[in-house]
Structures are given as C-alpha cells and as structure tokens.
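Structure record follows, encoded as structure tokens.
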Amino acid sequence: MAQQNNPVLPRGVTQATFEKALEAFRALLGEENVLAQPSQLTPYSKVMMSVENDAHAPSAALTVSSVEQVQGVVRICNEHKIPIWPISTGRNFGYGSAAPVQRGQVILDLKKMNRILKVDPDMCYALVEPGVTYQQLYDYIEENNLPLMLSFPAPSAIASPLGNIMDRGVGYTPYGEHFMMQCGMEVVLANGDIYRTGMGGVKGSNTWQIFKWGFGPTLDGMFTQANYGIVTKIGFWLMPKPPVFKPFEVIFENEEDIVDIVEMLRPLRISGTIPNSVVIANVLWEAGSANVRRQTYTTESGHTPDEILKKIQRDTGMGAWNLYAALYGTQEQVDADWKIVSEAFKRLGKGRIVTQEEAGDKQPFKYRAQLMSGVPNLQEFGLYNWRGGGGSMWFAPVSEARGSECEKQARLAKRILHKHGLDYVAEFIVGPRDMHHVVDVLFDRTNPEETARADACFNELLDEFEKEGYAVYRVNTRFQERVARSYGTVKRDVEHAIKRALDPNNILAPGRSGIDLHTYNKV
Amino acid sequence: MTSSRCKATWKWPLLAASLPLSFCASVVQAQEGGRWSSGALLYEKVCGHCHKPEVGVGTLLEGRELPPEYVTYIVRNGLNAMPAFPASFIDDESIRLVAEYLASLQTQAIQP
C-alpha cells in the first residue's frame, strides 16, 4: 500500500515496518479484516472529547473472530513493535468512544467475537465474548424465557457487558456495581499465553463463573482499566428476575436538599432496604433525558441561569434533584420495604413520591424504570440534545455517601462549570457508602471556542477537585495521563513494573490509565 | 524483556489446545459479523432506540426515503452526538436494508 494511504503511523514505527506488519495482519486475518483506508477508519475516529478527531486517529483497524486470531495479532505486534488498542464494541461515549488513547495505535476490534457462550439460569450467570451487546443478551434471555435480569449502563442496547465491566462501569439494579458481579475472565497476554482467572485454570472445572477467587493471588481487577492483556471472555452474575418490581421517584424542589436526601438514603442503602443503585439526578439531567432542549429557554451563550432552571422545574414538574430507586422481591417483601421507605421519606418532611402507577409512560420515569429492571433503551442520549453539537465528557469524582460531601462537590463542580460558561448536568449514583458523582460536561463541539472552554473546564475540574482530596474513578482517553498522576507515584511505579513484566514491548494500549513504558521514565 | 525472549515464550497453539472448552456445546449462534438479517431488525435493535418517534432523541427517519448512500455516510461518520458505526457492527448491506425499510414506512409528521 502506498505511503499516502497511511497518513497516520503508530508512534516510533516507520512506514516500511508498518507495511510489513499490515502484510502479516492480512496473511493472518484476510484482506477484508485489515482496515487501513481513511474511509474505513472514519467510524473508529469519531470522539466526543474536547480535541479534534485527528488527535486520536488510528493508523489501522483489525477485525478478529477468534481467540487464536487475537494471539496471532499480538505475535505480529511484538515482532514489529506495533501498539494496539483493543475495543469490544467501542461504545464508550464520553470516555473516548472507539478511538485509541494515542494517535496512530492500531485498533483491535473484537466486535465479531460475539458469541453468548453460556447463560446458566440455575446458577444465574453468563459467559460472553467481547462483541456481545446487552441488547443481544437481553434478547437471548427473553427468547428463552429465562428468569434472569440484566444490569447495564444507559447506552445499554449497543454497549458490551465485557467492555463496561472492564472499564468498571455501573448500572442501576441491585447488581449495578458491575465489576463486583464479574466472575472469571479469559485474557490473551502480550506473549500470547491464555490466562484464565479464578477457577478457570483448573482442568475440567465447572466453577469458573461460580467462585471468583480460586487459589493464590486474585488478579481480575488488575486487568480492568489497564493494558496488561486482551480479555476475550468474561463471566458475570445475573440477578434472578423478581416476581415484583416497584420503581419510584422522589422529587425534591431545592438544590440544598441534596444534604438531607443523602443522609436519609444512606442507612436505607447500607441496610439493603433499598437494594439497587439509586440515582439522584439534577434538573438538567432530568430535563435533557426527557428531550427538553436549551434553545427552548434561551439562545444566550454561557451557562444557563438558575432562574431558567427554576422555570424548567415549574414547567415540567421536575425537581432540583430527582431520586430514582426500586424495590424487588415477593409482594410481601416489597410491601414491607415500601412501608419502611415511604415512611422514611414522610419523616424527612420534604420530597414528593411518584409511583409507576402515577407516572405512567411519562419520561424520564419510564426509561429510569426500564434501566432499573434491565430493559435496554437509549433514552438518556437525549442529554446530548440539551446543548447540541456532540461534545460530551464525563467528569466522575467519587464522593462519600455523606450529605455534606455531596453538596460540597456539587457546589464546586457547578461553580467551575459556570465559570467556563457550561452547565452543571449531574447525577449521584451507586452507594451505599460511595457516590459516583457523574457530571456530563456537555458542549457544542462544532464551536471551537466552546470546545476550548470545555477543555479548560475539564482541566480545572480535575485540578480543583484534587486539591480537595477528590479524584475521578474513570476518565476519557484525553485525560488518562493527567488522572493517573492524581493517584501517586508508588501506584504508578507498581503499574509500570507489572507492565514491564507482562508486556515488555509495550504493545498493548500504551497510555491506558497512564501506563506507558515509553513515556514513564521513573526507574 | 527483549523481543527475542517474547518469541521464546510464544506457546499459544499448545495452550489453546489444552484449555477446557466444555462450554462450547452451549454456544449460542451469534450474528455474523456486522450482517443483520433485515432492516426491520436493525432498526428495532439499534437505530430505533433513538430515532423512533416515541423516543424523540434522534432525527425522525421513518418514511423519508433517504438515499442509502446518505444513510451510509451518516452511519459511518456519525453526526454531532450520533455515534459512528464501523462495518463490524453494521455492514454496508445492512445499512442498505435499513434504508429500504425506513423508506417503506409511513412518514411521521412531527419532528422531535
């Protein structure tokens, strides 16, 4: 292939070497699975971050269909020192989508590995390949009338369970802390070895998806948000579908109510009375996901004034904070828990309870109830229409589930966003002891000036939160190195020691979570 | 570790053959690459989650007779918040099928 057809090359790789690698990939995978034409790479290049797509452009993409092909790819990468960026479905919107962390990395697209290997309705688990989507798994469970329920993030229909678990994503059911529910994974290491975690290495074992820990060191977590291997199978536990599901919302009128909400909620979460990953969404999250658009209220640039937020509340009946939770179990269990929960809210003296019977098909209640009961939808993408223009970056600091802390974080985030002319669009999620404080930094990516503001804003959010002892649990590919620095040098030394041991040629996603033997110089 | 040492530890054919694969008997047949069996199915499982009239997130598409070339361009490039999809997720033939299917539907009067 002529040089002009490869305008992007992997870091430190010459055109000639790259050509040799492409030839080897073609021999292994077939011409149709080695994508190097710009038009073929376009779908992998689109990001929602505050940089041009070009900053994260891949040099090529490989589509593979088997573990053996993945092994073959890493063999070629070792030989030619080609860095690869594995994706399952690449639907990690607002965290980097499919594009690599560093320009020029070769995407290893695992979407074609999309077999549901096993769903056990007795032991309540699934074992799947990377390309399986939640929608695919949901359809399988429905078609086979299995008494099981999924937990997934908002982009459920098109996202991959494996990808979400590997990024330590969250969902909205009692199984919403997804990595906690993971059990057993198969990893292709950089040297081509196939490593199965937990009980997976025991010949003839039938407990790979049953018992997490196995014997000796338990390494599953080491492969999440990391670049030590390519996960080709993952097991995870599924919740039995309950006979009764009771979703509800509690609407709070004032921003400062967040303190009382969290204080009231924490004991109910820690005791398990409310079992699921409760969400507390602010008015703009609520409005955006219900298709309210900013241009209906103002066309002025900058942040949306509080008076408008109050007007949205008056117009729609939404709260400054909107709590969504659900109860699961037999009718007797749900009735007993509902009595405890509803009386706790009544004692609080604020908050208006809305049940499913009262909400009917109204959004956003409907999609929230679907997410809490494992029914795929993409309604929350309405958020992207609030401001429009396709810019979105998730700022997700971890907070104690303590009212004063949540309020402090909310005020700090709002102040910084407003300083940069952007809106505070946020929810608190998960618990029981922590809150993922998830802020969608929305901006018009077609406007370079607004994009530059969003970039500066995100940097300032990271800096100012760090000064208060806060850090994010996950971040998009533009800020991976920056966030890695927040967690200290000892952690980074250990991570790079592991990298040197497992991937000495630095071929697997260098730069992921700031782990890159080429740039990390500390010895 | 040098690359030569990496080569020395290369042993995938042996390992792959020795791993327990008893679960393969229950493997569920999956969609073949990015090929969808019909435009209606693709719309139901992917596009419609945003573009159906009752959802109101994406632009209405039903009954608009958008040329397959245009639909292909948008699916491959994305548009603002709409994500781009590679052929491994939705192949060219499937895009043609969904474009045909959308053109066959009744036009929706209200734009979100």
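The values are calculated or read from the model by the stated rules, or taken from the named source; none is laboratory data. Treat the numbers as computed from the prediction; the structure is a model and nothing was measured. Neighbour counts run over all protein chains shown; Cβ positions are idealised from the backbone, glycine included. Side chains included, ligands, DNA and RNA excluded: accessible areas come from the protein's heavy atoms. Shrake-Rupley method; radii C 1.70, N 1.55, O 1.52, S 1.80 Å.
Run down A:Q379, A:Q295 and say which single residue is open to solvent by 40 Å² or more (accessible area, probe 1.4 Å) and within 14 Å of chain B (Cβ to nearest Cβ). Unique residue meeting the criteria: A:Q295. Taking the stretch A:261-292 as the range and being under 25 Å from the mean Cα position of the chain (by Cα) and open to solvent by 30 Å² or more (accessible area, probe 1.4 Å) as the test, the residues that pass are A:R266, A:I270, A:G272, A:P275, A:N291.
Only one entry in A:G184, A:G176 is touching a residue at least 12 places away in the same chain (Cβ under 8 Å), over 22 Å from A:R368 (Cα atoms) and outside the structural domain of A:L378 (by TED's automatic domain parsing), namely A:G184.
Among the residues of the stretch A:193-211, is there at least one that is of a type outside the set (S, T, N, Q), closer than 25 Å to A:I274 by Cβ and either touching a strand residue (DSSP E or B) at 6+ places or on another chain (Cβ under 6 Å) or surrounded by fewer than 24 Cβ atoms within 10 Å (Cβ to Cβ) (or both)? Spell out how you get there, then give the answer.
Let us first name the residues in the stretch A:193-211 that are of a type outside the set (S, T, N, Q), namely A:193-196, A:198-204, A:208, A:210-211.
Retained after the next criterion (residues that are closer than 25 Å to A:I274 by Cβ): none.
No, that holds for no residue.
In this structure, A:L412 does satisfy being in contact with an Asp or Glu (Cβ under 7 Å, 6 or more places away or on another chain), surrounded by fewer than 23 Cβ atoms within 10 Å (Cβ to Cβ), away from every other protein chain (no Cβ under 14 Å) and assigned to a helix (DSSP H, G or I). Among the residues of the stretch A:476-508, those that are among the aliphatic types (A, V, I, L, M), open to solvent by less than 20 Å² (accessible area, probe 1.4 Å) and assigned to a helix (DSSP H, G or I) comprise A:V483, A:A484.
When restricted to residues that are over 13 Å from B:G39 (Cα atoms) and free of Cβ contacts under 8 Å to residues at least 24 places away in the same chain, the stretch B:86-112 contains 1.
Within the stretch A:316-335, residues that are in a strand (DSSP E or B) reach partners that are surrounded by fewer than 16 Cβ atoms within 10 Å (Cβ to Cβ) and of a type outside the set (F, W, Y) with beta carbons closer than 7 Å, at six or more positions or on different chains, in the pairs A:G329/A:V244. Number of residues in the stretch A:102-140 that are open to solvent by 20 Å² or more (accessible area, probe 1.4 Å), under 27 Å from A:G389 (Cα atoms) and out of contact with any Pro (no Cβ under 7 Å at 6 or more places or on another chain) equals 1. Residues of the stretch A:388-404 that are open to solvent by less than 40 Å² (accessible area, probe 1.4 Å) and without any contact (Cβ under 8 Å) to a residue 40 or more places away in the chain: none at all. Restricting the stretch A:348-376 to residues that are away from every other protein chain (no Cβ under 14 Å) and free of Cβ contacts under 8 Å to residues at least 12 places away in the same chain leaves a set whose member that is farthest from A:N447 (Cα to Cα) is A:G349. Scan the stretch A:273-319 for residues that are over 24 Å from A:F395 (Cβ atoms) and touching a helix residue (DSSP H, G or I) at 6+ places or on another chain (Cβ under 8 Å) and the total you get is 3.
Among helices (runs of 4 or more DSSP H) entirely within the stretch B:5-93, having at least 1 residues that are at pLDDT 95 or above and more than 10 Å from every other protein chain (Cβ to nearest Cβ) singles out B:39-42, B:68-77.
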